[in-house]
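I have placed the structure first, in the form of structure tokens, so that the comments after it can refer back to it.
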Amino acid sequence: QQQVKQSPQSLIVQKGGISIINCAYENTAFDYFPWYQQFPGKGPALLIAIRPDVSEKKEGRFTISFNKSAKQFSLHIMDSQPGDSATYFCAAVSSYKLIFGSGTRLLVRP
Amino acid sequence: GAGVSQSPRYKVAKRGQDVALRCDPISGHVSLFWYQQALGQGPEFLTYFQNEAQLDKSGLPSDRFFAERPEGSVSTLKIQRTQQEDSAVYLCASSLVGRTANTEAFFGQGTRLTVV
């Protein structure tokens, strides 16, 4: 059962553009929603995270938008750079367990 | 080292062989997790330790999978009689306290297991 659905599967953006990745969840018990960035051959690294009582969180060029009633959240990467090219995973947490989405492979063209 | 260390980085096993994967968490981290990441997929939870206690092993795919953390630090994931479907990257993560919502989970680079 896929508890966190992520789209798109892949994304190509020009340098300086905005990258948008969307996720939806089902379990209302989730209380923490992190985004992870993974480069080839590396483990996932926490990028930014949000709690469900907040509708938006911004850290530098990265913004999470959260819609609790729709059970959806998204990652926006402003001014996308080639160095942002990686796979991005949304996740949801209930207690200690991370439930990951299927990932979005982002390619930022120079 | 400052991060989570996993060894070996790569392991090729013949079908039916037993393998052991090691995880050295960040010093002082109470919680330790194992995840399995199939090619092109997100990591999937396998098991969770709080110190030496295995509190959740609900994600282990079969009784061929066994994990331990006897002294509350280093952990080993053992897979007996490996099958081709076991081929994946096995990720270890650690965090300071139990609730992931309160503290960041740090991942190692993973062990890529290929069963031939």
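The values are calculated or read from the model by the stated rules, or taken from the named source; none is laboratory data. What you see is a predicted model, and the numbers here were worked out from it, not measured in a lab. Neighbour counts run over all protein chains shown; Cβ positions are idealised from the backbone, glycine included. Keep in mind that these areas ignore ligands, DNA and RNA; they rest on the heavy atoms of the full protein, side chains included. Shrake-Rupley method; radii C 1.70, N 1.55, O 1.52, S 1.80 Å.
Summary of values
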item	result
Only listed residue being touching a residue at least 60 places away in the same chain (Cβ under 8 Å), within 14 Å of chain A (Cβ to nearest Cβ), touching a Leu at 6+ places or on another chain (Cβ under 7 Å) and more than 14 Å from B:Ser27 (Cα to Cα), chosen from B:Thr47, B:Thr111	B:Thr111
Any hit, region B:5-22, residues being open to solvent by 20 Å² or more (accessible area, probe 1.4 Å), touching a residue at least 60 places away in the same chain (Cβ under 8 Å) and closer than 30 Å to A:Ile50 by Cβ	yes
Spans of strands (runs of 3 or more DSSP E) in region A:50-110 with at least 2 residues small (Gly, Ala, Ser)	A:86-94
Some residue of region A:2-19 being farther than 29 Å from B:Val4 by Cα, touching a strand residue (DSSP E or B) at 6+ places or on another chain (Cβ under 8 Å), surrounded by fewer than 17 Cβ atoms within 10 Å (Cβ to Cβ) and at pLDDT below 95	no
Matching residues in region B:39-80 - criterion: being open to solvent by 70 Å² or more (accessible area, probe 1.4 Å) and in a loop (DSSP other than H, G, I, E, B)	B:Leu39, B:Gln41, B:Glu52, B:Lys57, B:Ser58, B:Pro61, B:Asp63, B:Pro70, B:Glu71, B:Gln80
Filter result for the condition that a residue is closer than 21 Å to B:Phe33 by Cβ, within 14 Å of chain B (Cβ to nearest Cβ) and open to solvent by less than 10 Å² (accessible area, probe 1.4 Å), over A:Phe39, A:Phe33	A:Phe33
Residue that is nearest to A:Val4 (Cα to Cα), among those in region B:36-64 that are among the polar types (S, T, N, Q) and over 13 Å from the mean Cα position of the chain (by Cα)	B:Gln41
